[in-house]
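Notes follow once the structure below has been shown.
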Amino acid sequence: MPATEYQGSYIGRSILSLRRDQAAVHSVDPGHEAATSAAELELEAFQRQVADRFLDLSSAGPEELLSLPWVRKLLDAFLCCQEEFRAILFNRRSQLSRSPVDRSIADFHERGIKALDVCNAIRDGIEQVRRWQKLLEIVVCALDSRKKSLSEGQFRRAKKALIDLAIGMLDEKEASGGAGGSGAAAHRNRSFSRSNLTRDHRSLGHFRSLSWSVSRSWSAARQIQAIGNNLYAPRGNEIVATNGLAVPVFTMNSVLLFVTWALVAAIPCQDRGLQVHFSIPRQFAWAAPLLSLHDRIAEESKKRERRNACGLLREIHQIERCARMMSELVDSAQFPLSADKEEEVRQRVEDMVEVFEAVKDGLDPLEKQVREVFHRIVRSRTEGLDYIGRANRAE
């Protein structure tokens, strides 16, 4: 989606140039000018740093985008931006209780509170992927032919785990509604046969619903829309009135919206939906890479094989593909196995081990980062309230 062509009064000029011009008109004190210049440089440096991080994220190739390492890099970028924004607020803490800065900061923290529910839902989704990982491990162990020849008993054990895995992923598709929000479509486009999946489907679905920390009526799609509601770039008069602070606040709001949207796109969660509008002027250096990433992720969700996925995370797609291929192989196996069939099973197991290891290595660090994002948002709000309280007492 193209970046919005912003029609404000500062088109063609630096985002912060209005504030700099205003300071030059009203001040002839060299010390004041130096302080103003330092403050402007800090704000402009923040814009460049955000742009650099999103340029790095947007440089990912097709095989890297939406992988576990990429999502971790995205969260790392958010945490770094949050820390730099925190420093900006600290340096301007005496201004936070003044209008209209106080309203801008309150709005930022309100969006952050909404993001906390997304963090909780994402952690639940990570736990769901971890359960699929354990079922993969059962299949791998059952069909390990390095120690002895494969028996019918091993195939039965592997088949049971594959059916449980298929049921779990199907149940997740129905709960999330796929990227387009159509649970019925996801139900029709299952990868495994209906006869195999009906067994224990109701009981497994009940277990999943009890494991989530968000309410059954909670919707990821509605939450993302709430985070993005009334999010517009500041106009020239707002930049001047807030001494330039409206610009980094808008930047962090936009980063928060994109990061939560991308997490919902990648990780299984309840009532997923990827319809979100980003209204970002091209004057922001980070607008182009962020909107490019938005377009690429949206296009990924429209691909036929990903349209009804329970998550666009690349490793989830690999789990589903490997499980489907292994299930077809297990269903067609006849004993005693031929040497060619044993070799095919061995190759499929190796592919599954590769996916298993990638998921195993990536989930724990990702969960820790999501937890850290949660705590940083809480701490930012607590500090902001503390700054405002101290400023009010000082007055």
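Search the stretch 84-103 for residues being assigned to a helix (DSSP H, G or I) and touching a Lys or Arg at 6+ places or on another chain (Cβ under 9 Å), and hand back the single one that is nearest to Ile377 (Cα to Cα). Even if it seems obvious, please write down each step before you answer.
Kept after step one, since they are assigned to a helix (DSSP H, G or I), are these residues of the stretch 84-103: 84-91, 93-95, 101-103.
Okay, now just the ones that are also touching a Lys or Arg at 6+ places or on another chain (Cβ under 9 Å), so 86, 93-94, 101.
Numbers: Arg86: 10, Arg93: 17, Ser94: 21, Val101: 19 Å.
Ranking the candidates gives Arg86 first.
From the list Cys119, Cys80, Cys141, exactly one residue is touching a Phe, Trp or Tyr at 6+ places or on another chain (Cβ under 9 Å), assigned to a helix (DSSP H, G or I) and either without any contact (Cβ under 8 Å) to a residue 12 or more places away in the chain or within 30 Å of Ser292 (Cβ to Cβ) (or both). Which is it? First the steps, then the outcome.
On the way: Cys80 fails: touching a Phe, Trp or Tyr at 6+ places or on another chain (Cβ under 9 Å); Cys141 fails: touching a Phe, Trp or Tyr at 6+ places or on another chain (Cβ under 9 Å).
That would be Cys119, the only listed residue that is touching a Phe, Trp or Tyr at 6+ places or on another chain (Cβ under 9 Å), assigned to a helix (DSSP H, G or I) and either without any contact (Cβ under 8 Å) to a residue 12 or more places away in the chain or within 30 Å of Ser292 (Cβ to Cβ) (or both).
Select from the stretch 95-129 the residues that are open to solvent by 20 Å² or more (accessible area, probe 1.4 Å) and basic (Lys, Arg) and write down the one among them that is nearest to Ile319 (Cα to Cα).
By that ranking, first place goes to Arg123.
Among (1) surrounded by 12 or more Cβ atoms within 10 Å (Cβ to Cβ); (2) at pLDDT below 75, there is one condition Arg194 misses while meeting the rest; what is its number?
Here Arg194 clears every test but (1).
In this structure, is Thr251 of a type in the set (Ser, Thr, Tyr), over 20 Å from Glu315 (Cα atoms) and part of a helix (DSSP H, G or I)? Before the answer, list the steps.
On the way: of a type in the set (Ser, Thr, Tyr): yes; over 20 Å from Glu315 (Cα atoms): yes; part of a helix (DSSP H, G or I): yes.
Against the criterion (of a type in the set (Ser, Thr, Tyr), over 20 Å from Glu315 (Cα atoms) and part of a helix (DSSP H, G or I)), Thr251 qualifies.
Out of Glu342, Glu315, report the one residue that is touching a residue at least 12 places away in the same chain (Cβ under 8 Å) and surrounded by fewer than 17 Cβ atoms within 10 Å (Cβ to Cβ).
Values: Glu315 fails: surrounded by fewer than 17 Cβ atoms within 10 Å (Cβ to Cβ).
Criteria check complete, one pass: Glu342.
Only one of (1) crowded, with 21+ Cβ neighbours inside 10 Å; (2) among the small types (Gly, Ala, Ser); (3) out of contact with any helix residue (DSSP H, G or I) (no Cβ under 7 Å at 6 or more places or on another chain); (4) more than 30 Å from Arg72 (Cβ to Cβ) fails for Ser176. Which number is that?
(4)
Working only within the stretch 142-171, note down all residues that are open to solvent by 60 Å² or more (accessible area, probe 1.4 Å) and either touching a Pro at 6+ places or on another chain (Cβ under 6 Å) or farther than 15 Å from Ala323 by Cβ (or both). Spell out the reasoning first.
We begin by selecting, within the stretch 142-171, every residue open to solvent by 60 Å² or more (accessible area, probe 1.4 Å); these are 146-149, 152, 156-157, 159-160.
If the condition is that a residue be open to solvent by 60 Å² or more (accessible area, probe 1.4 Å) and either touching a Pro at 6+ places or on another chain (Cβ under 6 Å) or farther than 15 Å from Ala323 by Cβ (or both), then Arg146, Lys147, Lys148, Ser149, Glu152, Arg156 are the ones that fit.
Among the residues in the stretch 286-297, are any of a type outside the set (Ser, Thr, Tyr) and either free of Cβ contacts under 8 Å to residues at least 12 places away in the same chain or more than 21 Å from Phe78 (Cα to Cα) (or both)? I'd like the intermediate steps shown before the answer.
First, pick out the residues of the stretch 286-297 that are of a type outside the set (Ser, Thr, Tyr): 286-291, 293-297.
From what's left, either free of Cβ contacts under 8 Å to residues at least 12 places away in the same chain or more than 21 Å from Phe78 (Cα to Cα) (or both): none.
Taking every residue of the stretch 286-297 in turn, none turns out to be of a type outside the set (Ser, Thr, Tyr) and either free of Cβ contacts under 8 Å to residues at least 12 places away in the same chain or more than 21 Å from Phe78 (Cα to Cα) (or both).
The values are calculated or read from the model by the stated rules, or taken from the named source; none is laboratory data. If you're wondering where the values come from, they're calculated on a predicted model, not measured in any experiment. No Cβ is skipped: glycine too gets one built from the backbone with ideal geometry, and neighbour counts run over all protein chains shown. The accessibility values were calculated without ligands, DNA or RNA, using every heavy atom of the protein model including side chains. Shrake-Rupley method; radii C 1.70, N 1.55, O 1.52, S 1.80 Å.
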